[in-house]
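**Q** I'd like to ask some things about the structure below.
The values are calculated or read from the model by the stated rules, or taken from the named source; none is laboratory data. A quick note: this is a predicted structure, and the numbers were derived from the prediction, not measured. Using ideal geometry, Cβ is built from the backbone for each residue, glycine included, and neighbour counts are taken over all protein chains shown.
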């Protein structure tokens, strides 16, 4: 399938916060209660539509354990967007956000859009991090914030698509040099407004969310 | 045919000893269908050890599923040949199934309808006859295929039995002499019979570190004490990590998960290791290695083998996150890739698909997470024989197996294929390819490449 742009995303955050589950929910629209742990890096892809343009998201899902930080650092290169995930039921995953952010800022291009995600919002009874705390952290560091649930799919689409929309707006503003692949953006084979059957103006997922 | 391609078939248990030969054909066929499903997990010996006493009286649905093919073959060996009973019932004329629903079509027209003209009648009869024949032919082919598969399984059963005998009566009693013999090595390549697997792994991994069961007990005790007294922050975070990962280790098996029979044992092994090697600690991937060992060895033996395994050069470099050495291994692999599969090498270079992206998981878990467990077990068997080289030869084998697909794929499709290998990967073909890689190299090409690489970089 042809696309106008390809954006590279990276998903980061402590181990067990639900990075792989968010990806699976976004690409396959399903939830696996007991997921394998990720070793190294795994990949996902999906086509979305923004402003009538087909955009392919190429998503790198990384291992969260601290031991692997040094490996993950090399994967920021060429990412246009990052989802920084913590688990609202585990305070320490929130406390580690600063070091994650330092890593991300240091090893990525300066224009990378970072979305802060408080995952597992379905587990309200076990909540350890207030929503306001996430919002405050995001405000302080200039991030977009959202609470999601990979289990119920709440806000999962929005998290991925809003990030893409931010990147897209930056392209429109000329912030991103789209000819430099180090920015994590590639021009698609058909860099033209896509066909008439996609709604223009709004952001919507492509049919069925099929992997592409 | 590899000996362990059907790991279920060697279990020396039968939960269905009362399975009657007069069971109706449909059930019989269903059991055949089950027995012909491709084997998925190399769990036979594990279940044998874990549930020997229990299963004799246990007729639960779970045991039926686990042991159905075993009991079938045992019956076959005990004289009531299942294969021949199948033959007798497979005759198309006797077998009601071979006619199928088409057999219900009426031959003659009901009396209340006007008669057909003779030509039409004849034509319909011919059509009906053809349909019946067609249906019979299809059923017949299906049955023949089934018989063939059963025959193959029977043959494998015999091979495994013969191999087991050689391992237990000839090789293991004189391990130090016979382990190096050509004959042993050839047999070893076919995969180890599950009943000797644990023992051969233990012997061939060895114990250079002189770890004893007492040391394991001591480490475990200290790990628990430290956890209670909350001293040692490193340990605490390691233990927290272990807890998180136990349930995420082979989740489909359900034995390492909370409440599963091996949940605590796996936790014990890993936390004892953290105490034994605080300099390494717990690193993800370890839980898969430990779990694979626990499927074949008792816990203290598994701990000894685990500690020694992690001391081998490849795993040592990776679990210590020694980036310089890891880069050398990747470079060595790329050189091997370039010489073995130049097209794939250039294609990946163009896509910027670097080997670390797919090799990491393969190395950290020695394929136990990446390949179906029965195939992974055979990889481990031969890894015990050949050492670190094999891990990279298997990697080349996988790339060659999917070469044509990879050459047509873009970055994301190639990366997805390799980090999420198909469950139906052809293990027999894979090992044939790997054998060919090894066939024309006297000394392992990879070792040569690596040595060369180290020399160039001034490491030697």
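**Q** Does the range B:421-437 hold any residues that are within 14 Å of another protein chain (Cβ to nearest Cβ) and surrounded by fewer than 14 Cβ atoms within 10 Å (Cβ to Cβ), and which are they?
**A** B:423, the sole residue that qualifies.
**Q** Looking for whichever is in contact with a helix residue (DSSP H, G or I) (Cβ under 7 Å, 6 or more places away or on another chain), surrounded by 20 or more Cβ atoms within 10 Å (Cβ to Cβ) and free of Cβ contacts under 8 Å to residues at least 40 places away in the same chain here; the options are B:167, B:201. Which one fits?
**A** Every option except B:167 fails the conditions.
**Q** Scan the range B:268-306 for residues that are outside any helix (DSSP H, G or I), under 16 Å from residue B:369 (Cβ atoms) and away from chain A (no Cβ under 14 Å) and jot them down.
**A** B:295
**Q** Residue by residue through the range B:307-318, note down the ones that are under 24 Å from the mean Cα position of the chain (by Cα) and outside any loop (DSSP other than H, G, I, E, B).
**A** Once the filter is applied, which keeps residues that are under 24 Å from the mean Cα position of the chain (by Cα) and outside any loop (DSSP other than H, G, I, E, B), the range B:307-318 yields B:307, B:308, B:309, B:314, B:315, B:318.
**Q** Listed residues B:295, B:359, B:341; which is crowded, with 23+ Cβ neighbours inside 10 Å and touching a helix residue (DSSP H, G or I) at 6+ places or on another chain (Cβ under 7 Å)?
**A** Unique residue meeting the criteria: B:295.
**Q** Give the residues of the range B:236-259 that are within 11 Å of chain A (Cβ to nearest Cβ) and out of contact with any helix residue (DSSP H, G or I) (no Cβ under 9 Å at 6 or more places or on another chain), sorted by residue number.
**A** Answer for the range B:236-259, where residues must be within 11 Å of chain A (Cβ to nearest Cβ) and out of contact with any helix residue (DSSP H, G or I) (no Cβ under 9 Å at 6 or more places or on another chain): B:244, B:251, B:252, B:254.
**Q** Being crowded, with 16+ Cβ neighbours inside 10 Å and farther than 24 Å from residue A:167 by Cβ is true for just one of A:53, A:120. Which residue is that?
**A** Checking each option against the conditions leaves just A:120.
**Q** Here's a follow-up. Of all residues in the range B:314-330, which are surrounded by 17 or more Cβ atoms within 10 Å (Cβ to Cβ) and either at pLDDT below 95 or more than 15 Å from residue B:364 (Cα to Cα) (or both)?
**A** Within the range B:314-330, just B:328 meets the criteria.
**Q** Can you confirm whether the range B:349-364 contains a residue that is away from chain A (no Cβ under 14 Å) and either in a helix (DSSP H, G or I) or over 23 Å from the mean Cα position of the chain (by Cα) (or both)?
**A** Yes, that holds for at least one residue.
**Q** Among the residues of the range B:378-420, which ones are surrounded by fewer than 22 Cβ atoms within 10 Å (Cβ to Cβ) and touching a strand residue (DSSP E or B) at 6+ places or on another chain (Cβ under 9 Å)?
**A** Across the range B:378-420, the qualifying residues are B:411, B:413, B:416, B:419, B:420.
**Q** If only one of B:156, B:140 is out of contact with any strand residue (DSSP E or B) (no Cβ under 8 Å at 6 or more places or on another chain), within 30 Å of residue B:434 (Cβ to Cβ) and touching a residue at least 40 places away in the same chain (Cβ under 8 Å), which one is it?
**A** B:156
**Q** Quick check on this structure: which one of B:399, B:417 is within 14 Å of chain A (Cβ to nearest Cβ) and modelled with pLDDT of 95 or more?
**A** B:417
**Q** Right, next: Which of the residues that make up the range B:319-348 are under 18 Å from residue A:74 (Cβ atoms) and more than 10 Å from chain A (Cβ to nearest Cβ)?
**A** B:322, B:324, B:325, B:327, B:328, B:329, B:330, B:331, B:333, B:334, B:348
**Q** Quick one: is residue B:153 surrounded by 14 or more Cβ atoms within 10 Å (Cβ to Cβ) and over 20 Å from residue B:296 (Cβ atoms)?
**A** Judged against the criteria, residue B:153 is a match.
**Q** Which of the residues spanning the range A:1-15 are touching a helix residue (DSSP H, G or I) at 6+ places or on another chain (Cβ under 9 Å) and surrounded by fewer than 21 Cβ atoms within 10 Å (Cβ to Cβ)?
**A** Scanning the range A:1-15 gives no hits.
**Q** Scan the range B:374-381 and tell me whether some residue there is within 9 Å of another protein chain (Cβ to nearest Cβ) and out of contact with any helix residue (DSSP H, G or I) (no Cβ under 6 Å at 6 or more places or on another chain).
**A** No: zero hits.
**Q** Inspect the range A:179-187 for any residue being surrounded by 15 or more Cβ atoms within 10 Å (Cβ to Cβ), modelled with pLDDT of 95 or more and touching a helix residue (DSSP H, G or I) at 6+ places or on another chain (Cβ under 9 Å) and give the result as yes or no.
**A** no
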